[in-house]
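Visitor: I'd like to ask you about the structure that follows.
The values are calculated or read from the model by the stated rules, or taken from the named source; none is laboratory data. Only a predicted model underlies this, so the values are computations on that prediction, with no experimental measurement involved. Cβ atoms come from the backbone with ideal geometry, glycine included; neighbour counts cover every protein chain shown.
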Amino acid sequence: MGLNRRTALGILVATPMLGATGAFARPVPAPSGERLAEAARDQVGVTRDYDPSYRAIPYPNGDVLRTTGVCADVLVRAARDAWKADLQQRVHEDMSRAFDAYPSRRAWGLKGPDSNIDHRRVLNLETYLTRQNALLARAPARASGDHFTDPLPGDILTWRVWGGRPHIGVVCAGPDRPRVVHNIGGGAKEEPLWMFKLHTAVAHYRWRV
């Protein structure tokens with residue numbers, strides 16, 4: 001017996017969509033960089049303070065209270081939430097293998113790795129990301145803080161801000177009208193890249209796990 005038009009349409013509506021291989025369609029996971037960007041965005045409104053104090057924290061997966069932190073904590077927390085990648089452990093293990101590749105001895109007078117603080121320092125994160133072949137570009141000397149080419153969601157940018165203080169943030173939108181999640185004081189915030197113009201751009205990373 002043939003199907004009339006109404007019956008045929010009803011079958012189409014009730015039948016799950018099939019992919020090209022005949023398998024049932026499933027939600028496509030967000031690309032790795034977008035997951036990092038969303039995990040950074042999720043910190044806005046949660047981390048409401050900036051506190052650079054030295055804290056003894058557990059290892060691995062140690063953290064201070066999520067209501068506070070420093071700029072590096074935005075990346076550390078996003079990597080854990082998005083990828084289950086623990087930068088505390090990764091940086092500590094890499095520093096244990098190659099301590100003198102990091103600036104800790106000359107910058108802070110340390111004689112060995114410190115898992116409480118190493119991953120929370122921008123200079124160490126810059127070194128780690130470079131050693132992971134994640135460096136896309138270094139900015140020219142004294143480049144304005146928005147001098148980055150086509151940053152994509154999940155990219156990592158670093159600057160030198162007031163008095164040459166290192167700073168880091170995670171791109172959450174781009175390449176058109178790029179926006180960054182960072183904590184420069186007052187907690188995690190999402191802001192357009194042009195607002196960094198008066199700072200000095202340093203490096204552009206694309207780290208994927």
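Visitor: Hey, Pro58 hits all of (1) over 20 Å from Leu123 (Cα atoms); (2) assigned to a helix (DSSP H, G or I) but one; which does it fall short on?
Guide: (2)
Visitor: Checking Leu36 against (1) part of a helix (DSSP H, G or I); (2) in contact with a strand residue (DSSP E or B) (Cβ under 7 Å, 6 or more places away or on another chain); (3) hydrophobic (A, V, I, L, M, F, W, C); (4) more than 17 Å from Arg208 (Cβ to Cβ): exactly one of these is not met. Which one?
Guide: Of everything listed in (1) part of a helix (DSSP H, G or I); (2) in contact with a strand residue (DSSP E or B) (Cβ under 7 Å, 6 or more places away or on another chain); (3) hydrophobic (A, V, I, L, M, F, W, C); (4) more than 17 Å from Arg208 (Cβ to Cβ), Leu36 misses just condition (4).
Visitor: Among (1) farther than 21 Å from Asn183 by Cβ; (2) out of contact with any Phe, Trp or Tyr (no Cβ under 9 Å at 6 or more places or on another chain); (3) surrounded by fewer than 16 Cβ atoms within 10 Å (Cβ to Cβ); (4) of a type in the set (Gly, Ala, Ser), where does Ala137 come up short?
Guide: For Ala137, the exception is condition (2).
This table checks each residue for (1) over 22 Å from Arg41 (Cβ atoms); (2) in contact with an Asp or Glu (Cβ under 9 Å, 6 or more places away or on another chain); (3) crowded, with 19+ Cβ neighbours inside 10 Å.
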{"residue": "Ala141", "(1), (2), (3)": "yes, no, no"}
{"residue": "Gly145", "(1), (2), (3)": "no, no, yes"}
{"residue": "Val161", "(1), (2), (3)": "no, no, no"}
{"residue": "Val171", "(1), (2), (3)": "no, yes, yes"}
{"residue": "Leu193", "(1), (2), (3)": "no, yes, yes"}
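Visitor: Look through Ser53, Ser32 and report the one residue that is at pLDDT 50 or above, in contact with a Phe, Trp or Tyr (Cβ under 9 Å, 6 or more places away or on another chain), over 14 Å from Gly186 (Cα atoms) and not acidic (Asp, Glu).
Guide: Exactly one of Ser53, Ser32 is at pLDDT 50 or above, in contact with a Phe, Trp or Tyr (Cβ under 9 Å, 6 or more places away or on another chain), over 14 Å from Gly186 (Cα atoms) and not acidic (Asp, Glu), namely Ser32.
Visitor: Can you name every one of the strands (runs of 3 or more DSSP E) wholly within segment 151-197 that holds 2 or more residues which are of a type in the set (D, E, K, R) and under 19 Å from Asp81 (Cα atoms)?
Guide: Answer list for segment 151-197: 189-192.
Visitor: Check Asp114 against each of (1) acidic (Asp, Glu); (2) part of a loop (DSSP other than H, G, I, E, B); (3) closer than 25 Å to Gly154 by Cβ and name the one condition it does not meet.
Guide: Just one mismatch for Asp114, condition (3).
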